[in-house]
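Q: Have a look at this one before I ask anything.
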Amino acid sequence: MSIKTPTTLEQAQALGLNESEWAVILKRLGRAPNETELGIFSVMWSEHCSYKSSRRHLRKLPTSGDCVICGPGENAGVIDIGDGQACIFKMESHNHPSFIEPYQGAATGVGGIMRDVFTMGARPVALLNALRFGAPEHPKTRALVSGVVAGIGGYGNCVGVPTVGGETNFHAGYNGNILVNAMCVGIADTKSIFYSAAKGAGNPVLYVGAKTGRDGIHGATMASAEFDDETEAKRPTVQVGDPFTEKRLIEACLELMQTDCIVAIQDMGAAGLTSSSIEMADKGGVGIDLNLDKVPQRETHMTPVEMMLSESQERMLIVLQPGKEAQAQEIFERWELDVALIGKTTDTGHMVLHHKGQVVCDIPIAPLGDDAPNYDRPWVETPSQPAIAHSDVADADLTKALQTLMGCPDMASKRWIWEQYDRHVMADTIRASGGAADAAVVRVHGTQKALAIASDCTPRYVQADPYEGGKQVVAECWRNIIATGANPLAVTDCLNFGNPERPEIMGQFVRSIDGMAEACRALNFPVVSGNVSLYNETAGAAIPPTPTIGGVGLMGDVRTAMGFDGARAGDSLILIGKTDGWLGASLYLREIEGREAGAPPPVDLEDEKRNGLFVSDLILKGDLNAVHDLSDGGLACAAADMALASKCGVELCAHNALPAAAWFFGEDQGRYLLAVTAEQTDSILALAKGAGMTAMPVGRMQGTAVTLGDCAPLVLDLLAQTYENWMPDFMEDA
Amino acid sequence: MSAAVIVFPGSNCDRDAVSALSKHTTKQVHRVWHRETDLPKVDLVLLPGGFSYGDYLRSGAIAARSPIMKAVSKHAMRGGLVVGICNGFQVLTETHLLPGALMRNVGLKFLCKTAPLRVENTQTAFTRAYAGQESTSILIAHHDGNYFADDETLDRLEGEGQIAFRYVQNPNGSSRDIAGITNKAGNVLGMMPHPERAVDALTGQTGGLAFFESLAGALS
């Protein structure tokens, strides 16, 4: 096909564009696009790049606040952490590639999110991963877990950024579509933050990093469609990662950022050279001319459309100040990276591509953004679930129930996973996975400050009630950060849902955003960056709605960092927050009664805030030995965690009104378990009473077993075995 | 008294090593780029952890052939102190400044955990400050830490007091639980655990303090 040959509607449809989108292209160009141009429109208007189903709803999220330097719209969010320093962070999904090719899919997910962060001038200092796999008994699960974990470790360990936290769940709802959400946090000087607007015509465009190959072509389009039986034939659309190149790219870019060479910089992520060049030109209000013959190529005979759509990894596009070409090139050559001047910015407002002496693309840039589809997809409210009455829950052996819960796939120790991650490189990790704290704590290098970082989502709540579930996602993340003694500042979101063209899925999306927006506003916890991943379906079965949140908090003095491993024999346990014994959508109901039923616990955001700030004050005053938030498995599981981490038994009292299962395993929100010395108990209870809080003594640290009321004690050694053994037994039982 | 930390393009523990050395050993720490052919005048050379050249081939194999390693070997031959940590240990075996090889962990997985260690010889330049301390704990973080040598070499290492550290619970399949060794002359040490990450109580790890104090003693 000649480069002049016009394409057809059928070709456009094969690339995922619909009839009305095709009509807009014809109108804007005044002609049919050629193959290269069509390819560019198809990726720019894919769900993944254009947010066409989500855009109008994302606007509801609060994005400003005292700490916010840069909200959504750039490569990552930027917040002020004082002393002239900024924290830059984002979470992103790599679900589809990870299902098709788990090692490379997960590895390149980590690589991509790191580039989003260092592109803005930050040195990456921490990685987290929120992973959702299918049911353990599903034949693919073990291989997917093994590949994803090795891929995450293989990339992060080599680059030398510690993987400090995350979460892992298993549910049959992810059997055909796992979720791999990677988060990266970096630190920059507020004076040297870099943006992507390529202002000014006539500036040189520099390509740096790895060579361009045919890998990942149409990856963004793949990520915007459902899976079917043919999915595994899509393996060639998955990119291959090279962490050694990424490491050199980080060092070279950060070195260049110390100079005054850069006008704008952007990594080549989804839709590669296309989206990076168009976004930089569009934001800068300029045109861009590229000579594709200059693009470093790994393969021969690559066509313009292949080069423009390649998602080869570890590549960056930089617009330089004129005259700085040699200075910039020298840095990349020293790091043994490919570097090439491939074009310049122009005043035409067009993207013009040259290839072998011919113009192979000439399209106006503004319409790619301005005319990008923006759909108001029909949606329906998720039917509400009835609350579960206490009388509807059978009596059970609660000692056995505790042991079952602590050894169930969602609760059991993930040591098998996190021991494969270098959690301590950079020597600033204070608390990481397995470090007995509700959030990871990473010191800001060379200071006494630290960041607390957590990722959270409880999909079963969101599924049962997207609005309350959406609130809970944010509230739990905030609570986890509070429990370490940090001040929660801002979040990034990673919204994983099914096919938005189905009204019930769109309903989950719309209502969970409503809930998240309300919680973010109430807790002063703005969203500064994020990512939407739709079409997470296989053969018509959607994943449970999974809007994952990654939150960042700041503590002024790392020595105040709190965990749940400091409880000592004789300590009293105080429960902060109201308990109604809410068992709807609880882990207890699912694991003990085999029922996924009922409304999830409601989140009272005022209570949440008051309780959190109260606990935060106590931590800063140094009054507490240990703090743990209550979440999955309620009071009993929080106490069991504390007992295991503190290596000391726990005796919990029964409640005088609530049935035992509801009291010990209810998942009411906004609650914390505190361990305090016996002498301080009364004064803390009095303080809580004075502040109008619900606080009550619920037991003490004592002995070598966990005892729930008058149930038989569960010996710590046995509990530890149950907790530790599930994952290695599962993974090694091939 | 001064030290040099060699920086390969994929080193990622160089900053941690520089910072531990400057805080606990000597203020004079140079960073030396792998493409240099000469070392500054130093008493100690440290090869840091990381993935020197990506380690897609055998770990440390390409680094062992980089320009700076000739100078490092000369420094070692003259009796200068050389420390290789993790990837640095792998580079030292590939350079044959230390005997044996580091194979993939028996579990075939990367492993990051705190490893309880026995300090086997407190008479070396690297371990003197552990005197009176039979054991310590230092983090390991590696994929290829399974130390291998033939029995004759292992017997000799034991006979000559060249085993500096042993794992209390062997995490990676290393022959005779070896975590760190010296050369016969006692001026070159390689170890898989990361003492440079274990010098700060706030991180929960202090088992490496005595290591850097030993070096300070050896340099003074």
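Q: Given a 1.4 Å probe, how much area per residue of the range A:592-727 is accessible, in Å²?
A: Solvent-accessible surface per residue comes out at 39 Å².
Q: Which of B:172, B:44, B:10 sits closest to the plus end of the dipole of the range B:2-219, meaning its Cα is farthest towards the positive end, when Lys and Arg get +1 and Asp and Glu get -1 on the C-beta?
A: B:10
Q: Given the pairs B:23/B:184; A:647/B:113; A:140/A:471; A:52/A:90, which span a C-alpha to C-alpha distance of over 22 angstrom in this model?
A: Beyond 22 Å: B:23/B:184; A:140/A:471.
Q: Give me the number: length gained by fully extending residue A:394 to residue A:140, i.e. 0.36 nm times residue separation minus the C-alpha to C-alpha distance, one decimal in nm.
A: Between residue A:394 and residue A:140, full extension yields an extra 88.0 nm.
Q: Any idea of the total accessible area buried by the A-B contact, 1.4 Å probe, rounded to 100 Å²?
A: The summed interface area works out to 2400 Å².
Q: Which net charge results when you count Lys and Arg as +1 and Asp and Glu as -1 among the other residues whose beta-carbon is under 13 Å from that of residue A:521?
A: So the environment of residue A:521 carries a net charge of -1.
Q: Another question about this same structure. What order, most packed first, do the peptides A:512-523, B:2-13, A:379-390 have when packing is the mean number of other Cβ atoms within 10 Å of each residue?
A: Result, highest mean first: B:2-13, A:512-523, A:379-390.
Q: Take the Cα of residue A:4, step 7 Å along the line toward its Cβ, and report every residue of the range A:25-46 whose backbone nitrogen sits under 19 Å from that point.
A: Answer for the range A:25-46: A:29-38.
Q: Starting from the exponent 0.38 and prefactor 2.2 Å, build the expected Rg for the range B:2-219 from its residue count and divide its actual Cα Rg by it.
A: My calculation over the Cα atoms of the range B:2-219 gives 0.90.
Q: Same structure, new question: Restricting the count to DSSP beta bridges whose residues both fall in the range B:2-219, what percent are antiparallel, rounded to a multiple of 5?
A: So the antiparallel bridges in the range B:2-219 amount to around 60 percent.
Q: How much accessible area does residue A:726 have with a 1.4 Å probe, in Å² rounded to the nearest 10?
A: We get 50 Å² for residue A:726.
Q: Next up: From other protein chains only, count the Cβ atoms within 10 Å of every residue's Cβ in B:4-10, then give the mean.
A: Whole-number average of other-chain Cβ neighbours for B:4-10 is 3.
Q: If you take the charge dipole of the protein assembly as shown about its Cα centre, with +1 on Lys and Arg Cβ and -1 on Asp and Glu Cβ, which of B:115, A:448, A:385 is farthest toward its positive end?
A: Value: A:448.
Q: Give the separation of the Cα centroids, the range A:42-90 to the range A:596-638, in Å.
A: Rounded to whole Å, the Cα centres lie 28 Å apart.
Q: Between the alpha-carbon centers of the range A:301-320 and the range B:61-99, tell me the distance in whole angstrom.
A: The two parts, judged by their Cα centres, are 39 Å apart.
Q: Provide the gained length on full extension for the span residue A:617 to residue A:385, in nm with one decimal, where the gain is 0.36 nm per separating residue minus the Cα-Cα distance.
A: Roughly 79.8 nm would be gained on extension.
Q: Label residue B:57 and residue A:260 with points 7 Å out from Cα along Cα→Cβ: what is the distance between them in nm?
A: With each label placed 7 Å out from Cα toward Cβ, I get 4.4 nm.
Q: While we're on this one: In the range A:68-139, which GluC sites (Glu not before Pro) fall in coil by DSSP and have 15 or fewer other Cβ atoms within 10 Å?
A: Hits after loop and neighbour filter: A:137.
Q: Can you spot the aspartates and glutamates whose alpha carbon is less than 12 Å from residue A:356's alpha carbon? Ignore those fewer than 8 places along the same chain.
A: Straight-line reach from residue A:356, under 12 Å: A:293.
Q: Would you work out the charge dipole size for the range A:423-522 about its Cα centre, treating the Cβ of every Lys and Arg as +1 and the Cβ of every Asp and Glu as -1, and quote it to the nearest 20 debye?
A: The calculated dipole for the range A:423-522 is roughly 420 debye.
Q: Bin width 10 Å, origin at 0, all Cα-Cα pairs of chain A: what percent of pairs per bin?
A: Over chain A, the share of Cα pairs per 10 Å bin runs 3, 15, 25, 26, 17, 9, 4, 1, 0 percent.
Q: Sticking with this structure for a sec: Using a 1.4 Å probe over the heavy atoms of the protein chains, calculate the carbon and sulfur portion of the accessible area of chain A as a whole percent.
A: 50 percent
Q: If a/c stays under 1.5 just call it rounded; otherwise compare a/b with b/c (prolate if a/b is bigger, oblate if not). Do that for the range A:281-411, with a ≥ b ≥ c from the square roots of the Cα gyration tensor eigenvalues.
A: Prolate shape, in that a/c is at least 1.5 and a/b is the bigger ratio.
Q: If you don't mind, another one. Label-point separation (nm) for residue A:696 and residue A:13, each offset 7 Å from Cα along Cα-to-Cβ?
A: It is 6.4 nm.
Q: Please average, across the residues of B:99-110, the number of beta carbons from any other chain that are within 10 Å of each residue's own beta carbon, and give a whole number.
A: 2
Q: What pairs from A:247/B:109; A:60/A:283; A:247/B:74 go past 25 Å between their alpha carbons?
A: Check vs 25 Å cut-off fails for A:247/B:74.
Q: Taking a point 7 angstrom from the Cα of residue A:358 along the C-beta vector, which residues in the range A:301-327 have backbone N less than 13 Å away?
A: Residues A:303-305 fall inside that zone.
Q: To the nearest 20 debye, what is the magnitude of the charge dipole of the range B:2-219 about its Cα centre, counting +1 on the Cβ of each Lys and Arg and -1 on the Cβ of each Asp and Glu?
A: Computed charge dipole of the range B:2-219: roughly 500 debye.
Q: Over the protein assembly as shown, what is the percentage of antiparallel beta bridges among all DSSP beta bridges, to the nearest 5?
A: 75 percent
Q: At most 15 other Cβ atoms within 10 Å and a DSSP loop assignment: could you name the trypsin sites (Lys or Arg not before Pro) in the range A:70-139 that fit?
A: none
Q: Okay, next question. What do you get for Rg/Rh over the range A:90-187 if you use C-alpha atoms and the Kirkwood form of Rh?
A: Ratio of gyration radius to Kirkwood radius: 0.99.
Q: Grab the Cα-Cα distance for residue A:240 and residue A:189, subtract it from 0.36 nm times how many residues apart they are, and report the gain in nm with one decimal.
A: So the chain would gain 15.2 nm between residue A:240 and residue A:189.
Q: Something else: For the range A:534-578 and the range A:332-367, write down the distance between their C-alpha centroids in whole Å.
A: 45 Å
Q: Within 10 Å of each Cβ in B:137-149, how many Cβ atoms from other chains are there, averaged over the peptide?
A: Counting other chains' Cβ atoms within 10 Å and averaging over B:137-149 gives 2.
Q: Given the pairs A:191/B:27; A:449/A:609; A:199/A:344, which are separated by over 20 angstrom at their Cα positions?
A: Flagged as over cut-off: A:191/B:27; A:449/A:609.
The values are calculated or read from the model by the stated rules, or taken from the named source; none is laboratory data. Because the structure is predicted, anything quoted here is derived from the model rather than measured. Counting neighbours? That spans all protein chains shown, and the Cβs are built from the backbone with ideal geometry, glycine included. In case anyone asks, the SASA skips ligands and DNA or RNA and just uses the protein heavy atoms, side chains included. Shrake-Rupley method; radii C 1.70, N 1.55, O 1.52, S 1.80 Å.
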